[in-house]
Every structure is written in C-alpha cells, then in structure tokens.
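Q: I'd like to ask some things about the structure below.
The values are calculated or read from the model by the stated rules, or taken from the named source; none is laboratory data. As the structure is a prediction and not an experimental result, all values here were calculated from the model. Cβ placement follows ideal geometry from the backbone for every residue including glycine, while neighbour counts extend to all protein chains displayed. Ligands, DNA and RNA are stripped out before the accessible areas are found, and what is left, the full protein with its side chains, is counted by its heavy atoms. Shrake-Rupley method; radii C 1.70, N 1.55, O 1.52, S 1.80 Å.
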Amino acid sequence: MRHQCYTFKLPTLHKMANNIVVYIICSLAMFHITAGMNGCCNVVTIGTVIHVKCSGCRLQTVPENLPINATELNLHNNNLTILHQDSFRYLHQLNKLILSSNGLSMISSGAFDGLQNLKYLDLSNNLLENSSFDVFAFQPLIRLTHLDLRQNRLHLKETYPEHAIAYLSQVETLKIDVFEGFRFGIGFLNLTKLKQINFAVVLQESISVLNSTFLGLERTVISHLVLHFSMKKFEINALAPFHNLVSLKFHSGRTMNIRDVQKTLYGLQKRKMEYLELTDNYFPSVSSIFLMKSDFVYLRTICVRKIDLSMNNIEGIEMDAILSWPNRKCLEILDISSNNFLSIHIFYLLVLFPSLTHLYASDQSSIKFRKRSSASMEQTLFLPHSLIYLNFSRNPIGGSLVNSTLHESNNLKVLDLSYPLRHLSCSYGRLKGLVNLTEFYMSGFECSHPNPEMFSDMPNLLTLEAKECNLGHVLAKDNNLLFKGRYKLTFLDLSANNIYLLSPIIFADQQYSLKTLIFASNQLISLHMHILMELHALETLDVSHNRIPTLTKSDIALLDTHQTKSPAFKVNLLGNPLVCSCEVLDFLDWVGTTNMLYNRDNLLCSTPDGSQIKVIKFLQTFGQFKERCASQFWLIISMIMIIVFVFTAFLSRVVWKHSVKLRVWCRQPLEYEVFPFDVFITYCNEDARWVTRTLVPWLEQEDVEYCIDDKSFELGLDILDNIMNAIDNSRKSVFVVSCKYFKREWQTFTMQLTSVYSFRDGRENMNVIILIDDMRRSEFPKLIRKNWDEIRPIIWPNENCSDKNKLIKAKKAFWRTLLGRIKY
C-alpha cells in the first residue's frame with residue numbers, strides 16, 4: 001500500500017525532536033489506515049490505478065478507512081447482505097465497484113453517496129429483487145455507464161426496479177435477467193444512452209416475448225442485440241422499439257423453427273442492418289425445411305450485409321424466394337453451414353446475389369451431386385463476380401473429382417473443399433478456371449494417384465493445404481509434376497501424408513517463393529537438406545511428429561547457413577524420437593545454443609537407459625555426459641582394434657584357403673627327375689564308380705603309377721596341401737569331368753590350381769581332361785578355355801550307342817589316346 005505522510009513544524013521543539021515526533025505521527029497514521037481494513041485486503045498500484053481487492057474476506061460491512069484515492073474496489077464473495085448509508089462516502093475517485101456474490105438483499109438510500117465518479121457497478125449473483133432498491137439508491141451515480149444486475153431475484157415478482165433505474169441516464173451497458181413475463185416499462189425511457197443490453201436466463205424455462213416487452217427501450221441507442229434463450233412465444237412486432245439496431249443474434253434454443261423466426265423480423269422492416277444471425281432454430285423431431293417465397297416476406301425488405309443461417313435444418317431455398325428479395329444486392333456474406341441442403345442448387349442460387357463476397361456452406365448433412373458416368377464429362381459453374389471466398393468443407397461428397405470449370409467471370413480467391421466425408425478422389429478430373437485463386441484447402445482428398453495437372457489452372461496460388469491426402473508415394477517420384485509452374489506458392493501444408501522420401505525436383509519451381517513448409521506427422525527419418533536448402537525464401541520448416549532421431553553435422557551446418565540469410569528461420573522438431581547419446585554430441589550441443597528451434601524447451605529425447613527426458617533438462621549435465629562419452633570412446637577404439645586384428649587373421653586364413661594365385665605365388669614347386677606318380681586323378685563323388693571300375697583297372701593294366709585321394713592323401717594334412725602335394729608328385733593331372741564336376745568347390749579349385757601350376761612351370765601338357773559327358777567349352781574355368789586347343793579334352797564314348805562294334809572301336813581309340821597323353 002502506498003501511504004502519504006504530511007509533516008508540519010512544532011515551534012517550541014528542537015529540530016531533532018521535531019523529526020522524531022513527525023516519524024511517530026506518520027507511523028501511527030499508517031497503522032490507523034491499515035488497521036481499519038480487514039487483513040485479507042490488499043492494494044495494488046499500477047500507474048494512476050489503485051486497485052483494492054477484498055474478495056473472499058467474509059466481510060459483513062464495507063471496511064472503513066479504505067485508501068481515499070482508490071480507483072477500483074473488489075468486494076466479490078463476501079457477506080455484505082445490506083449496503084448501509086454512506087458505505088463509500090470518502091471514495092470520491094472510485095470508478096469501478098464489484099459487489100457480486102455477497103447475498104446482498106437491500107440497498108439503503110444514500111448507500112452510494114460519494115461515488116459521483118463511479119462508471120462500473122457489478123451487483124450480479126445476489127438476492128436483489130424489486131423492493132431491495134430505495135427509489136434514490138442510484139441517484140448519486142451520475143456517471144455510471146456499466147450496470148450488471150444478472151443472477152438476482154427480480155423474477156420473483158416479475159418486475160424490474162424501474163423506480164431506481166430511472167436515475168441512470170448515462171448507462172451505456174446493462175446486463176440483466178429475463179424471465180417469463182419480463183417487460184421494460186417507462187422507467188427505462190430515461191436510458192437514452194443505452195447502447196448494449198445483455199440478457200441472462202435465471203430459470204431453465206421458455207420465455208414469451210410480446211409486442212410490449214421492449215417498449216421501454218425505444219429511446220435507447222441499442223445497436224447490437226442478442227436473444228439467446230428458449231422461446232415460448234415471440235410476437236412479430238416485438239423488435240420494433242429498437243430503432244438503431246444494426247446487429248441481431250437470434251437463437252431460440254431449438255424451440256422455434258427458422259420459418260417462424262423470420263416472422264419476428266416484421267418489426268425491422270425496411271431497415272439497413274450490418275448483421276443478422278438466425279442460427280440453431282429448428283425442432284429436432286421435425287424434418288428439414290424448404291424455405292419458400294412466403295418465408296421471405298419480411299427479410300426481403302431489409303438491407304443486410306451479413307446473414308448467418310447456419311444450423312437451421314434447411315434443405316433448400318426456393319429460387320423465387322431469392323428473386324423476390326429486392327435488397328439481396330446488399331448481402332455480402334452468407335453462412336448456410338450445418339444445414340441439410342440436398343443438391344448442387346446452392347451454386348445455382350449464388351449467381352442471384354450480385355454483391356456476395358463470402359459463402360460458408362460447410363457441414364451439410366446429406367448434400368448430393370448428380371452422378372456422372374465418366375470423369376471426362378465436364379460441368380460449368382457460375383459464381384458471382386464479387387465472390388472471393390467459398391467454404392464447402394466437410395460435406396459428404398465422394399467418388400472422383402469431375403472436370404469442373406468455373407466460368408471465366410469468377411474472381412474466387414479462397415476455396416475450401418477440405419475433408420469431404422466420403423474421401424473425394426483427385427485421380428482424374430480437375431478444377432478449371434481458378435486463375436485468381438490464391439488459397440486452396442483440400443485436406444482429406446484421396447490423392448495416391450493424383451491428376452498431374454490438378455493445380456495447372458491456379459497460376460496465382462499462394463497457399464495450399466493438403467493434409468491427409470495420401471501423397472507420400474507421389475512426392476517420392478522424380479517425374480512428379482504436381483507443383484510444377486506454381487511459382488508464387490508461399491505456404492504449403494503436407495501434414496499426415498505418409499511421406500518417407502522426397503524427390504530432389506519436387507520443389508524446383510518454388511525455390512524463391514516458398515516461406516512456410518509443413519511436413520508434420522509423416523514418416524521422414526531425415527531433413528532432406530539437399531532439397532530444403534534450395535528453398536531460399538524458407539522461413540518456417542515444420543517436421544514435427546516424424547521419425548527423425550537426430551541431425552547430422554552437415555544438416556546443422558546447412559541450417560545455420562540458411563539462418564544467416566533468413567534470421568527469422570525456425571524449425572519445429574517436436575514429437576520426433578530424438579536421442580540423447582554419445583553418438584549425437586554435436587546435435588545436442590547445437591540444440592543448447594541455437595535460437596532456431598521452435599518450442600525448444602518442450603523437446604524430448606531418449607537417454608541410453610531408455611527413459612524419456614526433456615532435452616533442455618538433459619543439457620544441464622551435458623558437460624559430465626561428454627566426459628563419460630570420451631571414456632567410452634577409447635574403450636570402443638580398443639575393442640575395434642582387437643576385432644580388426646582377429647578379423648584380419650581370419651581373413652588371411654580364408655584367403656589362404658581359397659586363393660589359387662596366392663597359393664601358387666607362395667609355394668615353391670618340388671623338383672623331380674623321376675616323379676613318384678605318373679598321374680594325379682581328380683574327380684567328383686558322382687563319377688567315382690567310373691573311375692574305380694573303368695579307369696583305375698586300365699591304369700593298373702598299363703602299369704601306370706597313379707595318385708588318388710582315397711589311398712594317396714596323407715591323413716591329418718590340410719586337404720589343400722594334399723592336393724598341391726599330389727600335383728607336385730605327379731607328372732600329369734587327369735581330370736575326370738562330368739556335368740556334376742563343377743558343382744563341387746574342391747574340384748573347381750583343383751582344376752584352377754593345376755592349370756595355373758601347369759602354365760607357370762611351362763608344362764603346357766600337364767593337364768589331361770576326360771569328358772564323360774558332352775560339355776561346352778564355356779563351362780570350364782577361364783584359363784582352361786584360353787588354352788582349350790592345347791589341352792584338347794578326350795571324350796569317353798557314349799555307352800548308349802546301339803552299334804556295339806562301333807562302341808568297341810571308339811573305346812580302343814580312347815584308351816590309345818589317353819595312354820599317349822600320359823606317357824608323352
């Protein structure tokens with residue numbers, strides 16, 4: 001509390017004594033002022049406004065010795081049942097007084113004496129009735145402009161305290177109860193400056209409004225009137241006393257239908273008004289209403305700029321009803337949302353309103369369009385040239401978007417077709433003639449296979465909202481032309497489209513126009529910075545609620561670079577599965593220092609232990625976390641080095657086993673003057689029968705020393721070393737080859753190894769190949785194919801030959817050739 005203490009001179013005392021006395025007097029004065037107030041009260045001073053608040057203090061009387069310079073006094077929720085005379089006699093500067101919720105039942109004569117500067121008085125929620133007011137109770141309030149009498153007991157005697165209210169000639173705003181039988185009588189005739197009156201319903205009952213109800217308000221200058229209560233009866237001339245009315249809101253609480261509500265406009269005939277809101281007027285149990293010419297008999301005489309007819313269960317309006325309305329040229333804004341229009345004849349009626357600029361026709365419960373057999377069929381729609389805004393959202397239209405053309409005379413700038421209740425498809429048709437359109441809202445369309453020319457007739461498009469359109473697969477294609485030519489597009493919302501990938505050329509034509517780009521609630525795992533940073537005008541990037549775990553160093557660098565060009569640039573990462581781990585230290589450090597992130601304090605991340613924490617809180621111990629990460633780093637490096645060493649050793653062993661050239665380079669062939677064996681025989685298991693029963697007996701018969709795996713390989717020695725020893729110990733290598741031979745890894749390896757050995761040593765005739773089956777040259781290793789003519793494989797005769805003599809001769813020739821190859 002701010003107190004003022006005035007000093008004065010005591011002629012007989014010493015100067016120091018004077019100061020002590022003055023101090024004591026000031027202290028006592030301050031104590032007296034404070035003690036006179038209830039301890040619950042407090043004072044707040046802001047500039048010249050001194051606000052005293054004593055609400056909820058259980059006061060039974062107005063506190064004495066309140067600051068005399070107080071400008072506002074709040075006594076809400078106390079026990080002030082009676083206001084006595086001179087309760088506020090010293091508060092001459094008070095301009096606002098709140099006495100609500102006190103159980104107040106009596107206001108004595110002179111209770112408001114001294115309040116000649118009071119402008120605002122709140123007496124709501126008390127027990128006041130007609131007899132509670134002394135006839136002169138309000139006489140001192142010569143400057144009162146606001147009076148609140150709501151939630152009292154004026155309804156008990158169904159009368160207002162007109163004898164007291166008659167003195168309030170300066171009141172501009174009155175809030176008061178209405179009840180069955182309410183009436184504003186001659187006592188209200190003095191309220192010539194009353195501009196606004198607000199009604200409150202005390203009891204949940206329907207109320208009658210008669211032609212005489214508002215007669216006492218005929219001298220007022222009320223311009224805006226709200227009638228929002230259940231109506232039992234409303235006589236047609238009840239609104240006539242409101243000579244200055246420019247705005248009327250009429251809500252009957254579904255106790256009247258729109259046809260009857262229009263009859264109440266009788267008293268407003270030939271008026272010029274700004275706004276008529278006739279909403280929520282229908283009987284729930286009655287079917288839809290089709291408005292006829294006779295229903296417009298009073299409305300058609302009124303020149304009104306804006307009409308709201310929403311939520312009236314209207315199924316249509318007769319064309320003659322509109323044509324009979326000579327003042328329809330005054331209408332600029334029409335709202336028919338949340339009705340029950342049955343057909344496209346809404347558009348046919350539009351052309352009858354030459355000045356209409358805005359139409360709201362959303363949420364029709366059963367709108368139907370004429371079915372067409374083919375999407376290629378076109379329809380032409382005519383709109384008023386003045387119409388710039390059309391809202392046709394959340395309507396139950398479905399199927400495919402037909403080729404619709406808006407006549408070239410249209411000047412439509414904003415079109416809202418979002419969230420059709422039956423998932424309108426944009427796969428075939430398109431809207432034409434929208435050359436002036438700047439904003440298009442099409443969320444909820446089914447656009448998994450959109451017409452690539454869907455926006456081609458919208459060269460001036462600035463804003464496009466296409467949420468939940470299933471565009472994810474489309475935007476990933478490099479040949480997508482959806483936004484081609486939209487050079488002026490500045491705002492694009494592609495939320496909830498299941499986007500996981502973006503084509504590099506998707507925004508090629510928006511590089512210098514796009515300012516806001518929204519990818520919220522998609523499936524992105526990165527920012528696609530190589531695309532986004534080509535958008536030089538970008539100011540807002542929203543990738544909230546995607547699957548982005550972190551940003552890379554290059555992402556951060558590109559974002560910082562872009563912000564230097566556009567200081568207002570913001571990024572929204574909310575709702576992404578961000579991680580707070582050692583692998584993303586650069587990202588976390590950036591989050592703690594950048595001013596680029598929208599709502600940074602609410603970002604969440606997952607810690608290494610799996611818990612969720614706010615990033616800003618995690619960064620409070622970021623220094624200690626980085627030290628732990630450094631220790632883990634060197635531990636990981638050590639583990640990696642061990643793994644690399646083990647892997648290298650393992651890889652060396654694998655290479656040693658499988659590399660023919662490595663084996664050849666690393667092995668020095670044995671030198672023999674006389675080889676231990678004449679031949680080394682290699683074959684696959686499937687040909688073992690032929691080798692053991694045909695070839696081996698012949699070799700033994702011819703005294704040929706042979707090396708074969710089952711009797712010549714050394715036990716315990718690596719099979720590769722056994723093979724190479726056998727090659728070194730044999731003058732020739734004989735390959736018994738059939739179709740199954742090259743399916744075996746070791747047989748292929750043996751042939752490759754022997755071939756390399758042969759040509760390395762200059763023993764070009766070392767290899768002898770016996771073909772049991774007829775095989776092509778292309779099936780052999782490259783080195784064999786290269787030297788095919790030198791090797792000259794020997795072919796075993798076909799056992800199925802029917803000519804036995806010929807077969808015997810062929811076999812003799814085979815054995816003779818083989819023996820020559822082995823001995824040579």
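Q: For segment 406-462, what are the residues that are under 21 Å from I499 (Cα atoms) and of a type in the set (D, E, K, R)? So that I can check it myself, show each step before the final result.
A: Within segment 406-462, the first condition is being under 21 Å from I499 (Cα atoms), and the residues that meet it are 418-419, 423-427, 440-455.
E446, E453 - these are the residues of segment 406-462 that are under 21 Å from I499 (Cα atoms) and of a type in the set (D, E, K, R).
Q: Still on this structure: Can you tell me which condition I176 does not meet? The list is (1) in a loop (DSSP other than H, G, I, E, B); (2) crowded, with 17+ Cβ neighbours inside 10 Å, and all the others hold.
A: Against the list (1) in a loop (DSSP other than H, G, I, E, B); (2) crowded, with 17+ Cβ neighbours inside 10 Å, I176 comes up short only on (1).
Q: Report the residue count in segment 449-469 for those that are outside any loop (DSSP other than H, G, I, E, B) and either at pLDDT below 90 or not polar (S, T, N, Q) (or both). Reasoning before the result, please.
A: Taking segment 449-469 and keeping what is outside any loop (DSSP other than H, G, I, E, B), we get 463-465.
Then drop every residue that is not either at pLDDT below 90 or not polar (S, T, N, Q) (or both), which leaves 464-465.
Residues meeting the conditions: 2.
Q: Select from segment 111-125 the residues that are open to solvent by 10 Å² or more (accessible area, probe 1.4 Å) and in a loop (DSSP other than H, G, I, E, B) and list them in ascending order.
A: Restricting attention to segment 111-125, the residues satisfying the condition of being open to solvent by 10 Å² or more (accessible area, probe 1.4 Å) are 113-114, 116-117, 119-120, 122, 124-125.
Hits for segment 111-125 are D113, G114, Q116, N117, K119, S124, N125.
Q: A follow-up question, please. Which of the following residues is small (G, A, S) and assigned by the TED database to the domain that holds R328: G216, G267, G181?
A: Exactly one of G216, G267, G181 is small (G, A, S) and assigned by the TED database to the domain that holds R328, namely G267.
Q: Please specify each residue of segment 231-256 satisfying the condition of being crowded, with 16+ Cβ neighbours inside 10 Å and among the β-branched types (V, I, T).
A: Within segment 231-256, V246, T255 qualify.
Q: Looking at L461, L481, which one is touching a Pro at 6+ places or on another chain (Cβ under 6 Å), over 28 Å from G575 (Cβ atoms) and either aliphatic (A, V, I, L, M) or open to solvent by 40 Å² or more (accessible area, probe 1.4 Å) (or both)? Explain how you work it out, then say what you get.
A: Details: L461 fails: touching a Pro at 6+ places or on another chain (Cβ under 6 Å).
Being touching a Pro at 6+ places or on another chain (Cβ under 6 Å), over 28 Å from G575 (Cβ atoms) and either aliphatic (A, V, I, L, M) or open to solvent by 40 Å² or more (accessible area, probe 1.4 Å) (or both) holds for just one of L461, L481, which is L481.
Q: Pairs please, first residue from segment 243-272 and under 22 Å from I289 (Cα atoms), second anywhere and among the small types (G, A, S) and at pLDDT 95 or above, Cβ atoms under 7 Å, 6+ apart in sequence or on different chains.
A: Note: pairs meeting the criteria are T264/A238.
Q: If you check N281 against the conditions, is it assigned to a loop (DSSP other than H, G, I, E, B), closer than 19 Å to L245 by Cβ and of a type in the set (S, T, N, Q)? Spell out how you get there, then give the answer.
A: On the way: assigned to a loop (DSSP other than H, G, I, E, B): yes; closer than 19 Å to L245 by Cβ: yes; of a type in the set (S, T, N, Q): yes.
Yes.
Q: Next up: Residue pairs, Cβ under 7 Å, 6 or more apart or interchain, first in segment 315-341 and farther than 17 Å from E277 by Cα and outside any loop (DSSP other than H, G, I, E, B), second of a type in the set (F, W, Y) and open to solvent by 40 Å² or more (accessible area, probe 1.4 Å). List them.
A: Cβ pairs passing all conditions: E315/F290; G316/F290.
Q: Okay, next question. Just to verify a result, which residue in segment 433-448, among those that are assigned to a loop (DSSP other than H, G, I, E, B) and of a type in the set (A, V, I, L, M, F, W, C), is most open to solvent (accessible area, probe 1.4 Å)?
A: That would be V435.
Q: Sticking with this one: Residue check: is T682 assigned by the TED database to the domain that holds N767, closer than 20 Å to K823 by Cβ and modelled with pLDDT under 85? Quick ask: steps written out before the conclusion?
A: Working: assigned by the TED database to the domain that holds N767: yes; closer than 20 Å to K823 by Cβ: yes; modelled with pLDDT under 85: yes.
Against the criterion (assigned by the TED database to the domain that holds N767, closer than 20 Å to K823 by Cβ and modelled with pLDDT under 85), T682 qualifies.
Q: Conditions first: (1) open to solvent by 50 Å² or more (accessible area, probe 1.4 Å); (2) modelled with pLDDT under 90; (3) hydroxyl-bearing (S, T, Y). S294 passes all but one, so which condition is the exception?
A: Unmet condition: (2).
Q: Filter segment 190-208 for residues that are β-branched (V, I, T) and open to solvent by less than 20 Å² (accessible area, probe 1.4 Å) and give the result. Write out each step before concluding.
A: As a first pass, look at segment 190-208 and keep what is β-branched (V, I, T): 192, 197, 201-202, 207.
If the condition is that a residue be β-branched (V, I, T) and open to solvent by less than 20 Å² (accessible area, probe 1.4 Å), then I197, I207 are the ones that fit.
Q: So which residues in segment 249-268 are among the basic types (K, R) and closer than 23 Å to A200 by Cβ? Talk me through it step by step, then tell me what you get.
A: Initial filter on segment 249-268 (among the basic types (K, R)): 249, 254, 259, 263.
Answer for segment 249-268, where residues must be among the basic types (K, R) and closer than 23 Å to A200 by Cβ: K249, R254.
Q: Mind listing whichever residues of segment 90-110 are within 19 Å of V49 (Cα to Cα) and either open to solvent by 40 Å² or more (accessible area, probe 1.4 Å) or touching a helix residue (DSSP H, G or I) at 6+ places or on another chain (Cβ under 8 Å) (or both)?
A: Correct list: Y90, H92, Q93, N95, K96.
Q: Condition (residue is farther than 27 Å from T561 by Cα and in contact with a strand residue (DSSP E or B) (Cβ under 8 Å, 6 or more places away or on another chain)) applied to segment 575-587: is it met by at least one residue?
A: If we filter segment 575-587 for residues that are farther than 27 Å from T561 by Cα, which is where we start, we get none.
No - not one qualifying residue is present in segment 575-587.
Q: Quickly run through segment 605-631 and pick out the residues that are open to solvent by 90 Å² or more (accessible area, probe 1.4 Å), at pLDDT below 90 and polar (S, T, N, Q).
A: Q620, Q624
Q: So, in segment 792-824, of the ones that are open to solvent by 50 Å² or more (accessible area, probe 1.4 Å), β-branched (V, I, T) and closer than 20 Å to M775 by Cβ, which residue ends up farthest from the chain's Cα centre (by Cα)?
A: Taking segment 792-824 and keeping what is open to solvent by 50 Å² or more (accessible area, probe 1.4 Å), we get 792, 795, 798-800, 802-806, 808-809, 811-812, 816-817, 823-824.
Those still in the list that are β-branched (V, I, T) too: 795, 808, 817.
Then keep just the ones that are closer than 20 Å to M775 by Cβ; that gives 795, 817.
Numbers: I795: 76, T817: 84 Å.
Out of the qualifying residues, it is T817.
Q: Could you check, for segment 158-167, whether at least one of its residues is among the aromatic types (F, W, Y) and under 20 Å from V246 (Cβ atoms)?
A: Keep residues of segment 158-167 that are among the aromatic types (F, W, Y), which gives 160, 167.
Keeping just the survivors that are under 20 Å from V246 (Cβ atoms) gives none.
Checked segment 158-167: no residue is among the aromatic types (F, W, Y) and under 20 Å from V246 (Cβ atoms).
Q: If you take just the helices (runs of 4 or more DSSP H) that sit entirely in segment 492-604, which of them hold at least 1 residues that are within 21 Å of L475 (Cβ to Cβ) and open to solvent by 20 Å² or more (accessible area, probe 1.4 Å)? Break it down into steps so the answer makes sense when it comes.
A: Values: elements: 529-532, 553-565, 585-593.
Per the criteria, 529-532, 553-565.
Q: Also, quick follow-up: Taking into account only those residues within segment 380-392 that are at pLDDT below 90 and over 34 Å from the mean Cα position of the chain (by Cα), which is least open to solvent (accessible area, probe 1.4 Å)?
A: Ranking the candidates gives T380 first.
Q: Can you go through I197, I142 and tell me which one is of a type in the set (A, V, I, L, M, F, W, C), assigned by the TED database to the domain that holds A238 and in a strand (DSSP E or B)? Quick ask: steps written out before the conclusion?
A: Numbers: I142 fails: in a strand (DSSP E or B).
Result of the check over I197, I142: I197.
Q: Which condition does L248 not pass, out of (1) outside any strand (DSSP E or B); (2) in contact with a strand residue (DSSP E or B) (Cβ under 7 Å, 6 or more places away or on another chain); (3) of a type in the set (A, V, I, L, M); (4) farther than 22 Å from E318 by Cα, if it passes all the others?
A: (1)
Q: Let me ask something else about it. Do we have P11 as part of a loop (DSSP other than H, G, I, E, B), farther than 26 Å from D134 by Cβ and modelled with pLDDT under 50 here? Steps first, please.
A: Numbers: part of a loop (DSSP other than H, G, I, E, B): yes; farther than 26 Å from D134 by Cβ: yes; modelled with pLDDT under 50: yes.
Judged against the criteria, P11 is a match.
Yes/no per residue for (1) surrounded by fewer than 17 Cβ atoms within 10 Å (Cβ to Cβ); (2) at pLDDT 95 or above; (3) within 22 Å of M256 (Cβ to Cβ); (4) of a type outside the set (G, A, S):
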{"residue": "G181", "(1), (2), (3), (4)": "yes, no, yes, no"}
{"residue": "F188", "(1), (2), (3), (4)": "no, yes, no, yes"}
{"residue": "L210", "(1), (2), (3), (4)": "yes, yes, yes, yes"}
{"residue": "G216", "(1), (2), (3), (4)": "no, yes, no, no"}
{"residue": "V221", "(1), (2), (3), (4)": "yes, yes, no, yes"}
{"residue": "F229", "(1), (2), (3), (4)": "no, no, yes, yes"}
